[in-house]
Amino acid sequence: MKWSEISIHTTNEAIEPISNILHEAGASGVVIEDPHDLVVEREDQFGEIYQLNPEEYPDEGVIVKAYLPVNSFLGETVEEIKQSITNLVHYDIDIGQNKVQISEVNEEEWATAWKKYYHPVKISDRFTIVPTWEEYTPHEDELIIELDPGMAFGTGTHPTTVMCIQALERTVKQKDYVIDVGTGSGVLSIAAALLEAERIDAYDLDEVAVRVATINCKLNKVNEKVNVAQNNLLDGLEQPADIIVANILAEIILKFTKEAFDLVKPGGHFITSGIIGLKKQEVRDALEEVGFTIEEVMVMEDWVAIIAKKPIV
């Protein structure tokens, strides 16, 4: 089978929404080439440690790559992707150069490209994300999440995901009920299950995400705890939750802060991420306006996660 590699030269700010556009267009995952990765000094031991080739990275901005099967609809799909990316400016998202390039690769080259970019990554004190094809022996008390970027929405190592998992480590207790909004690959639900939450409901509007998350939960042997279903945000949900976690765009988080407050138990938490630095105060203000208290604001690179708590009356 032939595959088409679509490469978008854009900004760090646009990575998350462009990745979502590519997934909705049928891409199985994305590769992000950020020149910052070549020079960044890690403040702790968490992160990917392997040799990067500077020639594969842009001088400025970032490159987001994805792979689509070559078929009779490819031209139309690419045009829809271009238009959707251009429309991001209406949400005050800087798309930078927005240079889109298309090239053709065969299936073997496509598979090799994924493996070049994906290795075991320790993302917190307890969690390490491991690709399914890698041999890895966990240390004592280390928790392993297995993912395959050939079918998952990304690799689970983006700063927004890492911060959400670290926030879950700090908040999840045994027998907790967790709601994962916009689950994508299901990685946050898997993490909550491994942290001994009793039940997790994972929701996504995208039926592909629902299918992928279901597969990943079975792969990680947490499918008895995690229920994956198609749903729009918190629509129609009534059972109070100990924790709601949402790793999605700030613009979407702002749409359901009141619903989240009403659904979280007193003393429970609402964890939000996918927030660019420029939107941090706006999201924080919205959370406080509906009644949450801000317990912690986490920052990693240009991204923000917020742990909000519902007061006990």
The correct count of residues that are more than 18 Å from residue 167 (Cα to Cα) and in contact (Cβ under 8 Å) with a residue 24 or more places away in the chain in segment 132-147 is 3
Across (1) crowded, with 22+ Cβ neighbours inside 10 Å; (2) modelled with pLDDT of 95 or more, residue 240 clears everything bar (1)
Residue set 229, 305; condition among the aliphatic types (A, V, I, L, M) and either more than 21 Å from residue 185 (Cα to Cα) or crowded, with 18+ Cβ neighbours inside 10 Å (or both); output residue 305
Pairing a residue in segment 75-90 that is assigned by TED's automatic domain parsing to the domain that holds residue 103 and closer than 21 Å to residue 103 by Cα with any residue that is polar (S, T, N, Q) and surrounded by 12 or more Cβ atoms within 10 Å (Cβ to Cβ), where Cβ atoms lie under 8 Å and the two sit 6 or more apart in sequence or on different chains, gives 78/4; 85/10; 85/98; 86/98
Residues that are modelled with pLDDT of 70 or more, within 25 Å of residue 299 (Cβ to Cβ) and surrounded by 15 or more Cβ atoms within 10 Å (Cβ to Cβ): does segment 80-93 have at least one? yes
Within segment 178-218, the count of residues that are among the β-branched types (Val, Ile, Thr) and closer than 18 Å to residue 273 by Cβ comes to 7
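The values are calculated or read from the model by the stated rules, or taken from the named source; none is laboratory data. The model shown is predicted, which means the values in this text are computed figures rather than measured ones. All Cβ positions, even for glycine, are placed from backbone atoms using ideal geometry, and neighbour counts span all protein chains on display.
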